[in-house]
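Have a look at the structure below, then the notes.
The values are calculated or read from the model by the stated rules, or taken from the named source; none is laboratory data. Because the structure is a prediction, the values reported are computed rather than measured. Every residue, glycine as well, gets a Cβ built from its backbone with ideal geometry; the counts of neighbours run over all protein chains shown.
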Amino acid sequence: MKCIFFDLDGTLFDTRKLVEQSRRNSVAAMIKAGLPGTEEEVYDSLLKIVEKTGSNYDKHFNELLKERQVQMAGRIIAAGVISYHESKQKNIKPFDGIPEMLEELRKKYTLCVLTNGKLVKQWEKIIHLEIEKYFEFVFVSEEVGKRKPDPAIFLHALKNTGFKAEECIMVGDRDTDLVPAKELGMATISIGDIEGADFSVTNPKDVLDRVKQIES
């Protein structure tokens, strides 16, 4: 094996925990700025809006205030936005052992990020996580124009790195990361149990051991 591709969210850091914490902090900030309701009540409303509109929608707070019939809402939305971004920047961190694992792997392999999402938003995460130095290539769906599980984004990554699928490993926490990679001929490692993955780990830092198994 020569190259290892890593998904980002949920693979290298705990996305769910970070987003929940940031949303709760933003709700508290908006209530403090004048939004009526209890934190749990408003948080539940926000989750329903996110579920309806998608996580990348950038008007969640606007929809929340519209739903609660709040007028002149600029100050409240601003308080929520500031709190959300400050919380994410303050609390984002890699899973335990990830930097050490990446440091060891990059001695032998070309490491790449292959992630769905907005280009700038994904790069912000990589920079705040302080893991940029470990990766020679970063492929983001918005820039490529294709999203996982479309095989095209994997083929784009293979073409640009110069490796064959059989020389690569894909590490991810969803079947959208692993199924197309395996169909193309890559070895696969899942974070958590995903049907069909060649190997799985409960703790992301154990990826190093699975890579050694693939090589043995």
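When the strands (runs of 3 or more DSSP E) confined to region 125-211 are screened for residues that are of a type in the set (Ser, Thr, Tyr), those reaching at least 2 such residues are found at 187-191.
Inclusion of residue 202 among residues that are surrounded by fewer than 20 Cβ atoms within 10 Å (Cβ to Cβ) and modelled with pLDDT under 95 is warranted. Test residue 125 against the criterion of being among the charged types (D, E, K, R) and surrounded by fewer than 16 Cβ atoms within 10 Å (Cβ to Cβ), and give yes or no. Judged against the criteria, residue 125 is not a match. Run down 20, 40 and say which single residue is under 14 Å from residue 84 (Cα atoms), at pLDDT 95 or above and out of contact with any helix residue (DSSP H, G or I) (no Cβ under 8 Å at 6 or more places or on another chain). After applying the criteria, what remains is 20. I want to confirm something. Restricting to region 168-193 and keeping residues that are of a type in the set (A, V, I, L, M) and either over 17 Å from the mean Cα position of the chain (by Cα) or not assigned by TED's automatic domain parsing to the domain that holds residue 135 (or both), which single residue is nearest to residue 113 (Cα to Cα)? My answer is 169.
Condition check ((1) part of a helix (DSSP H, G or I); (2) at pLDDT 95 or above; (3) under 30 Å from residue 180 (Cβ atoms)) across all residues:
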{"site": "29", "(1), (2), (3)": "yes, yes, no"}
{"site": "34", "(1), (2), (3)": "no, no, no"}
{"site": "55", "(1), (2), (3)": "no, no, yes"}
{"site": "78", "(1), (2), (3)": "yes, yes, no"}
{"site": "82", "(1), (2), (3)": "yes, yes, no"}
{"site": "104", "(1), (2), (3)": "yes, yes, yes"}
{"site": "121", "(1), (2), (3)": "yes, no, yes"}
